[in-house]
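Asker: Structure in C-alpha cells, see below.
The values are calculated or read from the model by the stated rules, or taken from the named source; none is laboratory data. These figures come from a predicted structure and were not determined experimentally. Cβ placement follows ideal geometry from the backbone for every residue including glycine, while neighbour counts extend to all protein chains displayed.
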Amino acid sequence: MTIQEFLERGRKAEYPTFVNVLKALLAGRFDYRPHERSPSAAEIAWTLARETKACCDVIDSGRVNWTEQPPPARIRKLLSLLSSSTMRHSATASMPDR
C-alpha cells in the first residue's frame, strides 16, 4: 500500500464520522469556544473546509489565493463546501499522474 492509498483509506473511513460530529456540535453550538481566545467551532470547521478546497486548487493550478473569510451563518453552506471539496480532493488526488 502506498502512502497515498493509506491516507485516502483513512480519510474515507473518518470523513463520515467527522461530518456527523460537526453536524451534532454545530447545530446547537455554532459559536462554541473551548477557551475565550480559541476559534469557534464554526471557524475551525470553516478553516478545514477551505483548506481542503485549497489543496484541490494547488493540485489543479499549482497555487492558492487565500483570503480570510468569516464562516457562513448557516451550517449547510459550510458542510456543502466541505463535502464538495472532499469529493473533489478524492477524485483529483487519486488520479495516477497526481
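Asker: Could you please find all residues in the stretch 34-49 being of a type in the set (D, E, K, R), part of a helix (DSSP H, G or I) and more than 18 Å from residue 86 (Cα to Cα)?
Answerer: none
Asker: Return the residues of the stretch 61-98 that are over 30 Å from residue 29 (Cα atoms) and modelled with pLDDT under 85; say none if nothing qualifies.
Answerer: Passing the criteria: 91, 92, 93, 94, 95, 96, 97, 98.
Asker: What pairs come up if the first residue lies in the stretch 1-30 and is of a type in the set (D, E, K, R), the second is surrounded by 13 or more Cβ atoms within 10 Å (Cβ to Cβ), and their beta carbons are under 8 Å apart, counting only those six or more places apart or on different chains?
Answerer: 8/90; 8/93; 11/86; 11/90; 12/90; 23/75; 23/79; 29/41
Asker: With the structure loaded, tell me whether residue 27 is touching a helix residue (DSSP H, G or I) at 6+ places or on another chain (Cβ under 9 Å) and either at pLDDT 85 or above or within 22 Å of residue 88 (Cα to Cα) (or both) or whether it fails that test.
Answerer: Spelling it out, it is not the case that residue 27 is touching a helix residue (DSSP H, G or I) at 6+ places or on another chain (Cβ under 9 Å) and either at pLDDT 85 or above or within 22 Å of residue 88 (Cα to Cα) (or both).
Asker: Only one of 60, 31 is outside any loop (DSSP other than H, G, I, E, B) and either loosely packed, with under 13 Cβ neighbours inside 10 Å or of a type in the set (D, E, K, R) (or both); which?
Answerer: That would be 60, the only listed residue that is outside any loop (DSSP other than H, G, I, E, B) and either loosely packed, with under 13 Cβ neighbours inside 10 Å or of a type in the set (D, E, K, R) (or both).
Asker: Might you check whether a residue that is of a type in the set (Lys, Arg) and part of a helix (DSSP H, G or I) occurs anywhere in the stretch 10-21?
Answerer: yes
Asker: Still on this structure: Suppose we keep only residues that are in a loop (DSSP other than H, G, I, E, B) and of a type in the set (A, V, I, L, M) within the stretch 63-76. Which one would you say is surrounded by the fewest Cβ atoms within 10 Å (Cβ to Cβ)?
Answerer: Checked the stretch 63-76; the qualifying residue surrounded by the fewest Cβ atoms within 10 Å (Cβ to Cβ) is 73.
Asker: To continue, here is another question. So which residues in the stretch 33-51 are more than 14 Å from residue 69 (Cα to Cα) and modelled with pLDDT of 85 or more?
Answerer: 33, 34, 35, 36, 37, 38
Asker: Return the residues of the stretch 28-46 that are small (Gly, Ala, Ser) and within 17 Å of the chain's Cα centre (by Cα); say none if nothing qualifies.
Answerer: Result: 40, 41, 42, 45.
Asker: Right, residue 88: farther than 21 Å from residue 8 by Cβ and basic (Lys, Arg) or not?
Answerer: no
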